[in-house]
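For reference, the structure is listed below as structure tokens.
The values are calculated or read from the model by the stated rules, or taken from the named source; none is laboratory data. Only a predicted model underlies this, so the values are computations on that prediction, with no experimental measurement involved. Please note: Cβ atoms are built from the backbone with ideal geometry, for glycine as well, and neighbour counts cover all protein chains shown.
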Amino acid sequence: MYLYDEFDQRFVDQRVEQFRDQVRRRLEGELSEDEFKPLRLMNGLYLQLHAYMLRVAIPYGTLSAPQLRQLALIARKYDRGYGHFTTRQNIQFNWIKLEDAPDALADLARVQMHALQTSGNCIRNTTADQYAGVAADEIEDPRIYCEMIRQWSSIHPEFSFLPRKFKIAVTGAPNDRAAVRVHDIGLRMHRNGEGETGFEVMVGGGLGRTPMIAKTIRKFLPKQHLLSYLEAILRVYNLAGRRDNLYKARIKILVHEIGAAEMARRVEAEWAEIRDTAVDLPAAEVARIADFFAGPAYAPQPAFVPEFEAARRSGADFARWLRTNTAAHKQPGHAIVNLSLKPAGKPPGDVSAAQMEAIADLAERYSLGEIRVAHEQNLVLPHVALRDLHALWQALDALGLATANIGLISDIIACPGMDYCALATARSIPIAQRISERFHDLARAHDIGGLTINISGCINACGHHHVGHIGLLGVDKAGEEFYQLTLGGRADQDAAVGAIIGPAFSSDTVVDAVETVVDTYLALRRQGERFLDTYRRVGQTPFKEKLYAAH
Amino acid sequence: MAKPAALQIITANRLRDGAVVYLGPDTHWSTRISQAVAAADEDQARALLAVAARAVAEAQVVAPYAIAVARDASGLRPASYRERIRAAGPSIAAFAAATAA
Amino acid sequence: MPLIKEGRIAADLWVSVAEDEAVPADRPAIVGLRRWQAETATLRARIAPLGIRLKNNDAVADIAGDLDRFELVALEFPKFTDGRAYSQARLLRERHGFPGEIRATGQVLRDQFQIMHRCGFDAFQVADAGAAEGWVQALQEIGVRYQEAADGSATVRELRHRAARSLMWPQAEVTAAW
């Protein structure tokens, strides 16, 4: 993974001192809240329902063991002993004091971490997929480009006060695990006819109040021009994005209003002026960054490991965990291991300080010291030898991190909702807990098969409910919490926004409603059909009928 | 059935640590909703908001606003779910306490 | 309103002329874009220095061909959170090579001095003279710059590879960051 040099380190250290001074001036009354708020947001500090929340950046979801241990320290020292992994691969601490924030940021800077630009109307954490660098289907490690984008976008003097937040995602594989099509800019790596690697550039995707799938403005961008092309897009957006209405200020609205063709024309015109200036990195710098992602020195591992095969055959629980929680690794004799942060009845994505420390130890022992964060709010140990899988599984099981439910119905994605968030209209975590308890039986969950449930506590859609196979949106009806159901969303390379199925369900009835949807699918499915396949085949009607039959 | 007079109290977040606070008597801000001073009408509410505005100018609190409450046997109870959660904390058990670790 | 130039409060010789006011012939004057477009011939014939004021939704391209006539361009931050003028300034400075004064007006705050300066602003109209005190510190707070911008300061990539080269050839001259 990328390691800071003296310049990167000095940058975060200076940023901490700058913010320390800004906090001092705020506490002394020299800065008003209006003047201070954008500065605090650009250091990842939100004011939430109960306290300040600090959103720490985990660039493209990659963490080292020492970094994870430091996050545990932050949780213990400044917070209430736990953290929450988010749908953008970051981590949130819910109880940070403003007066402590500079010290917390200084502790983070010690391990090359920061909370820079995780909020505010600026370029946010650029995300990749959690299997980057180790997935069998990858063309090239997208994190090289994510790191280039991270540096280019860090306190970019021109783009620090955009009309609205800006999110970029990169996929290096045809199977898009980074949901690039619902980002402001989505970049899909691929090869052209000449075998060169470049990006399909898509603009104007996003969820929130007006979910939209990004439009392609350039089919193939040679990879060496990535930064200058992004600069062109951002400049067009900075100048033309709407500033009159907070809810119409994202780039997706601009693309929607002027059309993809006009967007492409403006971007290409601007790019023509800057493509040969110094925005793009020289080859030496690209090579320097790429070296960090060249892949660890794997100890040679046999592809066939007798003990592993025996364990797989003898243990039904182990075998089941292997099926859902491990994925194919490009290096023979290895596997990618998913740590489920969704045990039945627990808040999705939350991890205690003690668990973080234990995971860091396991990462060092079994995963060459590296951990990944998935936007589905789970963790990944990306470099595990087959012969270590059984021991690792046992250790994870003891920690409550081995629920064999990755990608299944109880692997729920939920925003913090009204239990924590000042923007929410309804709670989401209790619903997630109740659904995961209803479907806690793993045999049943395995039988249901791949099915994602996403829950958002308000229209801002931080739970990404629009792209859940089943989506729940919490709404307020006369002071009561109600939940609107959507069906058929998906976040992958065939991204689609789910359709509202009918009137919202009360808090009391929504879990039953979800079960009704599942039972309807099970009754109708053909051999080998997942939920999405059946839904696409039969449409909404059978589900509507069952859901609203009694009323 | 006659509705009881709508009471309002002022709430904000304390600047230095973000804690939820309620405006009590003598311009004192407390983390306990039971200490809040209630306004019985709009004039009283406005007067309290003026006190709150001074606290903002003095860098004590951030973003004060009025909320509707009812007085019952247990004290002051906010009308909205959101403010009840704000007063009592997250409705889910604190995660760290809930895990075995 | 006080004006900061080169790190201190400076006398402001310019007058900003409203759309319906007469343009003084004998002192430096700033006119709006529409005024310039309506009275181009008269204003071209001016002897005294001329400046132009762009709103943040005016296109820099509209004056790009006339930049030799202006000694000053004033750009606006109606609220400090409206960042359009950063792009306008960079286009003026870098795309069109404008050598004159680029002045920040509107809500111009200490915490944005550095990024404004990086984008090519060299004059800052502030609400009170006290803002000048924080100027030098504001400009130095983040010494590490990842992006090439209008202020010409050395970027991280330049410093990195300069450092690498000097390791390889210790006698090579390492040019100072400017």
Practice prompt. Specify the residue that is farthest from the other protein chains (Cβ to nearest Cβ); the eligible residues are those in region A:57-84 that are outside any strand (DSSP E or B) and among the hydroxyl-bearing types (Ser, Thr, Tyr).
Written response: A:TYR60
Item to complete: Looking only at region A:477-511, count how many residues are assigned to a strand (DSSP E or B), closer than 23 Å to B:ALA79 by Cβ and at pLDDT 95 or above.
Response: 4
Worksheet item: Only one of (1) away from chain A (no Cβ under 14 Å); (2) surrounded by 15 or more Cβ atoms within 10 Å (Cβ to Cβ); (3) not in a strand (DSSP E or B) fails for C:ASP26. Which number is that?
Response: (2)
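Residue-wise test of (1) surrounded by fewer than 16 Cβ atoms within 10 Å (Cβ to Cβ); (2) within 14 Å of chain A (Cβ to nearest Cβ).
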site: C:GLU19; (1), (2): yes, no
site: C:ALA48; (1), (2): yes, no
site: C:LYS55; (1), (2): yes, yes
site: C:GLY65; (1), (2): yes, no
site: C:GLU76; (1), (2): no, yes
site: C:LYS79; (1), (2): yes, yes
site: C:ARG84; (1), (2): no, yes
site: C:GLU101; (1), (2): no, no
site: C:LEU109; (1), (2): no, yes
Practice prompt. Please list, ordered by first then second residue, the pairs with beta carbon atoms under 7 Å, 6 or more apart or interchain, first in region A:480-503 and within 14 Å of chain B (Cβ to nearest Cβ), second at pLDDT below 95.
Written response: A:GLU481/B:TYR81
Discussion item. Residues that are assigned to a helix (DSSP H, G or I) and either at pLDDT 95 or above or farther than 24 Å from A:ARG242 by Cα (or both): does region C:50-57 have at least one?
Written reply: no
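For (1) out of contact with any helix residue (DSSP H, G or I) (no Cβ under 7 Å at 6 or more places or on another chain); (2) outside the structural domain of A:ARG320 (by TED's automatic domain parsing); (3) under 29 Å from A:HIS183 (Cβ atoms), each residue gets a yes or a no:
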{"site": "A:ARG444", "(1), (2), (3)": "yes, yes, no"}
{"site": "A:GLU515", "(1), (2), (3)": "no, yes, no"}
{"site": "A:THR520", "(1), (2), (3)": "no, yes, no"}
{"site": "A:GLN540", "(1), (2), (3)": "yes, yes, yes"}
Fill in: Residue that is assigned to a strand (DSSP E or B) and either surrounded by fewer than 19 Cβ atoms within 10 Å (Cβ to Cβ) or more than 9 Å from chain B (Cβ to nearest Cβ) (or both), where the choices are A:LEU54, A:LEU108
A:LEU54
Worksheet item: Restricting attention to region A:85-105, which residues are in a loop (DSSP other than H, G, I, E, B) and within 20 Å of A:ARG143 (Cβ to Cβ)?
Response: A:THR86, A:THR87, A:ARG88, A:GLN89, A:ASN90
Fill in: Candidate set: region A:422-450, residues that are buried (at least 24 other Cβ atoms within 10 Å of the Cβ) and touching a Gly at 6+ places or on another chain (Cβ under 8 Å); chosen: the one farthest from B:ALA93 (Cα to Cα)
A:ALA424
Worksheet item: Do we find a residue being surrounded by 20 or more Cβ atoms within 10 Å (Cβ to Cβ), in a helix (DSSP H, G or I), within 13 Å of chain B (Cβ to nearest Cβ) and at pLDDT 95 or above anywhere in region A:376-392?
Response: no
Worksheet item: So which residues in region A:513-549 are part of a helix (DSSP H, G or I), surrounded by fewer than 14 Cβ atoms within 10 Å (Cβ to Cβ) and within 29 Å of the chain's Cα centre (by Cα)?
Response: A:ARG536
Discussion item. Of the conditions (1) of a type outside the set (Ser, Thr, Tyr); (2) without any contact (Cβ under 8 Å) to a residue 24 or more places away in the chain; (3) in contact with a strand residue (DSSP E or B) (Cβ under 7 Å, 6 or more places away or on another chain); (4) part of a loop (DSSP other than H, G, I, E, B), C:PHE121 satisfies every one except a single condition; which number is it?
Written reply: (2)
Fill in: Condition check for A:LYS37: free of Cβ contacts under 8 Å to residues at least 40 places away in the same chain, more than 11 Å from every other protein chain (Cβ to nearest Cβ) and more than 20 Å from the chain's Cα centre (by Cα)
no
Worksheet item: Of the residues that make up region A:433-442, is at least one within 14 Å of another protein chain (Cβ to nearest Cβ) and under 27 Å from A:MET212 (Cα atoms)?
Response: no
Discussion item. Show the residue pairs meeting these rules: Cβ distance below 8 Å; 6+ apart or different chains; first residue within region A:139-153 and under 13 Å from A:ASP129 (Cβ atoms); second residue hydroxyl-bearing (Ser, Thr, Tyr) and outside any loop (DSSP other than H, G, I, E, B).
Written reply: A:ILE139/A:THR197; A:GLU140/A:THR197; A:PRO142/A:TYR60; A:PRO142/A:THR171; A:ARG143/A:TYR60; A:ARG143/A:THR62; A:CYS146/A:TYR60; A:CYS146/A:THR127
Item to complete: Within region A:214-231, count every residue that is assigned to a helix (DSSP H, G or I) and away from every other protein chain (no Cβ under 11 Å).
Response: 6
